[in-house]
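Here, each number is a calculation from the coordinates, and none is a lab measurement. Keep in mind that what you see is a predicted model, and the values were worked out from it rather than measured. Methodologically, a virtual Cβ is constructed for each residue, glycine included, from the backbone with ideal geometry; neighbour enumeration extends over all protein chains shown.
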Amino acid sequence: MARHGYTYSAGKLIKHGLTRGDWPRMWRRPEARSSYDVVIVGGGLHGLATAYYLAADHGMTNIAVLDKGYLGGGGSGRNTAIVRSNYLTPEGVAFYDRSLALYNSMTQELNLNVMFSRRGHLTLAHTDSALRTMHWRAEVNKLQGIDSSVIDPQEVKKEAPSLDISADTRYPILGALFHPPGGIVRHDAVVWGYARAADHLGVHMLQETEVLDILCEGGEGPDGKGTGGRVTGVRTNRGDISAPAVVNCTAGWASLISNMAGVPLPITTHPLQAAVTEPCKVFLPTVVVSGSLHVYVSQTDRGELVFGASVDPVGTYRVNGTLEFTEELAGHVLELMPGISKMRLMRQWSGLCDMTPDYSPVMGTTQVDGYFVDVGWGTYGFKAGPVAGETMAETIATGRDADLIAPFTINRFTEGDLVGEKGAAAVGH
Amino acid sequence: MIVVNCPHCGPRNSSDLRPCGEVTSRPDPATASLSEWRTYLYMRENPSGWVTEAWYCRSGCRRYFTIERNTATNETRRSEAS
Ligand SMILES: Cc1cc2nc3c(=O)[nH]c(=O)nc-3n(C[C@H](O)[C@H](O)[C@H](O)COP(=O)(O)OP(=O)(O)OC[C@H]3O[C@@H](n4cnc5c(N)ncnc54)[C@H](O)[C@@H]3O)c2cc1C
Ligand SMILES: [Zn+2]
């Protein structure tokens with residue numbers, strides 16, 4: 001396992017603890033080269049995982065990952081880290097399930113404890129129509145070998161005893177979709193693990209390097225951009241870098257980058273807010289999602305309750321918290337778990353989400369040669385990071401869209417072949 | 001809170017209204033090619049800065065109007081009945 005340089009182990013922990021010796025830096029701060037084989041824009045999980053798999057699986061190491069801020073400063077450092085594969089479409093299920101498999105072996109593969117906890121995932125149904133969608137999802141899931149089934153309120157109570165399952169509430173719990181392999185992961189560790197491993201394989205991570213333009217030639221639009229064109233490099237705040245392949249992994253900022261290549265995207269950017277309580281004794285064993293109440297909750301290993309919701313309705317690049325969110329969240333959570341009314345919220349934050357019309361990503365090759373997209377991750381892209389990295393690396397190395405992402409290319413919008421995941425992804429990220 | 005000025009009802013919290021997204025120009029359905037139509041349906045500029053967008057005054061006059069909003073700051077200007 002020479003994939004990660006300095007090996008972390010219990011022995012090293014004791015040694016560093018006793019000697020108080022510094023740990024080696026997880027990645028370098030290299031000087032930029034004037035050209036790379038691949039330039040990846042965006043140093044979140046998706047950009048870093050793509051770089052790692054290009055190096056590890058395809059032997060391509062002359063790669064730079066550019067971020068205007070710091071690694072993991074976007075959605076990758078702000079999400080609520082829910083991982084699951086009980087989606088609605090066969091294409092979605094196959095894709096996300098591969099990601100779950102990669103999460104399962106990640107701690108060993110990256111030699112960094114990502115604290116993946118497969119604690120089970122409950123999606124509550126409060127209406128007959130929601131219950132019907134749960135049955136539909138369960139059958140699609142089972143056909144593809146995913147552990148997923150509909151359970152009744154008594155079984156729900158067994159999985160999460162703090163839930164109020166009485167029939168006289170405003171939104172009674174009629175049942176739930178139960179997905180035992182779902183869970184949560186430590187999001188920062190995942191980002192750092194990929195960054196460390198990619199650095200060790202020779203990838204350059206260039207932080208505080210903002211892409212200002214994508215350089216193209218031969219396209220039908222202005223400056224050789226757009227359909228039929230070819231990528232030649234990027235312009236940054238630190239100068240030009242030439243590259244025959246440029247990958248857009250900028251999530252909430254995806255449209256701004258893509259417009260620079262003359263490739264419009266079916267995306268609008270919306271903030272998604274989350275909040276966390278003070279820590280308390282662990283009482284909530286599973287992840288609980290309620291689509292009708294627009295809320296989900298899990299408890300971290302430290303005992304804090306982490307809450308999330310659906311995106312703010314107004315598209316904007318401004319990330320600030322709103323009182324509407326906190327009020328609605330508190331009301332809805334107490335509807336589900338009246339017992340926690342005395343707990344205090346500690347923090348509330350927000351991140352940008354790149355929403356698509358069908359709640360599926362936009363991935364792979366585009367109408368501009370050498371310009372690749374891995375965007376449209378909305379509120380569900382963290383769980384997809386590993387498989388997105390793996391399949392994007394294959395796509396870039398071979399020049400052909402990997403099988404698992406073929407349904408998600410930008411062509412589906414011109415062909416009218418959308419992959420509707422709204423029923424499985426609008427609230428439960 | 002994002003304040004949006006309805007030309008008929010005056011300034012309101014955006015949660016009283018329904019955002020309908022950026023205003024795009026609709027091609028003639030009789031002559032548009034499939035790809036022009038799909039571009040109109042799905043592709044968005046999604047800029048960080050000033051954009052003209054449509055709103056529906058859901059709990060007020062129940063009329064549509066357009067307004068310019070800066071998506072980086074959420075300032076608004078030039079509200080117009082449509
Ligand atoms: C509150 C919240 C909760 C969420 N919960 C979940 C969840 O439970 N499960 C789940 O699966 N997903 C969840 N998500 C979604 C998930 O966080 C994102 O889909 C995912 O992190 C996207 O990763 P990324 O690497 O593509 O993008 P990001 O991590 O956003 O990285 C994009 C990077 O691009 C950089 N960038 C932007 N513009 C430029 C430029 N011009 N030049 C250079 N760099 C640039 C940014 O600085 C940023 O670091 C949540 C999101 C939020 C906000
Ligand atoms: Zn009005």
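For the reader, a short list of remarks on this structure follows.
- Dimensionless Rg/Rh of chain A - Kirkwood Rh, Rg from C-alpha atoms: 0.98
- Considering only chain A, percent of DSSP beta bridges that pair antiparallel, nearest 5: 70
- Positive end of the dipole of the protein assembly as shown (Cβ unit charges, origin at the Cα centre): among A:GLY77, A:SER360, B:TRP50, the Cα lying farthest that way belongs to A:GLY77.
- The loop-placed trypsin sites (Lys or Arg not before Pro) in segment A:83-174, going by DSSP, that have at most 12 neighbouring Cβ atoms within 10 Å of their Cβ come out as A:ARG170.
- Residue mean of other protein chain beta carbons inside 10 Å, B:38-51: 6
- Take every Cα pair under 8 Å whose residues are at least 6 apart in sequence, average their separation, divide by the length of segment B:3-81, and the relative contact order is 32 percent.
- Annotation: the residues B:THR76, B:THR24, sorted from fewest to most other C-beta atoms within 10 Å of their own C-beta, follow the order B:THR24, B:THR76.
- FRET efficiency, A:GLU31 to A:ASP164 (Cβ-Cβ, R0 60 Å, nearest 0.05): 0.55
- Helical mean residue ellipticity (222 nm; -39500 (n - 2.57) per DSSP H run of 4+; nearest 500) of the protein assembly as shown: -8000 deg cm²/dmol
- What separates the Cα centres of segment A:250-321 and segment A:353-429 is a distance of 19 Å.
- 13 Å beta-carbon shell around A:PRO172, net charge (K/R +1, D/E -1): -3
- Cβ-based exposure ranking for B:SER15, A:SER242, in which fewest neighbours within 10 Å come first: A:SER242, B:SER15
- Rg ratio for segment A:301-375: its Cα radius of gyration over 2.2 N^0.38 Å, N being its residue count, equals 1.56.
- Inter-chain neighbour count for A:410-419: the average number of beta-carbon atoms from partner chains within 10 Å of each residue's beta-carbon is 3.
- The charge dipole of the protein assembly as shown, taken about the Cα centre with unit charges on the Cβ atoms of Lys, Arg (+1) and Asp, Glu (-1), comes to about 1300 debye, rounded to the nearest 20.
- With a 10 Å cut-off around each Cβ of A:255-268, the average count of Cβ atoms from other chains is 3.
- Using alpha-carbon coordinates, inclination of helix A:10-19 to the longest axis of chain A, degrees: 80
- Point-charge dipole on Cβ atoms (K/R +1, D/E -1) for segment B:3-81, about Cα centre, debye to 20: 300
- Rh by Kirkwood over Cα pairs, then Stokes-Einstein D for segment B:3-81 at 1.567 mPa s and 4 °C, µm²/s: 95
- Rel. contact order, % - alpha carbon contacts under 8 angstrom, at least six apart, segment A:157-302: 16
- Remark on segment A:241-364: hydrodynamic radius 16.5 angstrom, per the Kirkwood mean of 1/r across alpha carbon pairs.
- One decimal place: the segment B:ARG77-B:ARG62 gains 3.4 nm when fully extended, by the rule 0.36 nm per residue minus the C-alpha distance.
- Counting only Cα atoms, segment A:383-426 measures 32, 27, 12 Å along its principal axes, largest extent leading.
- Scattering profile of segment A:218-285 at q = 0.14, 0.24 Å⁻¹ [log10 I(q)/I(0), Debye over alpha-carbon scatterers]: -0.58, -1.16
- Residues A:TYR70 and A:LYS15, FRET efficiency given R0 of 51 Å [Cβ-Cβ distance, rounded to 0.05]: 0.95
- Close Lys pairs in the protein assembly as shown (alpha-carbon distance under 19 Å; sequence gap of 8 or more, or different chains): 4.
- Low-density loop cleavage sites - trypsin sites (Lys or Arg not before Pro) in segment A:376-429, where at most 13 other Cβ are within 10 Å (DSSP): A:ARG400
- For chain A: relative contact order, % (alpha-carbon pairs under 8 angstrom, 6 or more apart): 22
- Each of B:LEU41, A:LEU174, A:LEU124, A:LEU265 has some number of other Cβ atoms within 10 Å of its Cβ, and from fewest to most they run B:LEU41, A:LEU174, A:LEU265, A:LEU124.
- Label point 7 Å beyond Cα of A:GLU220 along Cβ direction - residues of segment A:391-429 with amide nitrogen under 18 Å: A:410-416
- Annotation note: trypsin sites (Lys or Arg not before Pro) in segment A:1-61 located in DSSP loop regions with a Cβ neighbour count of at most 14 within 10 Å are A:ARG20, A:ARG25, A:ARG28, A:ARG33.
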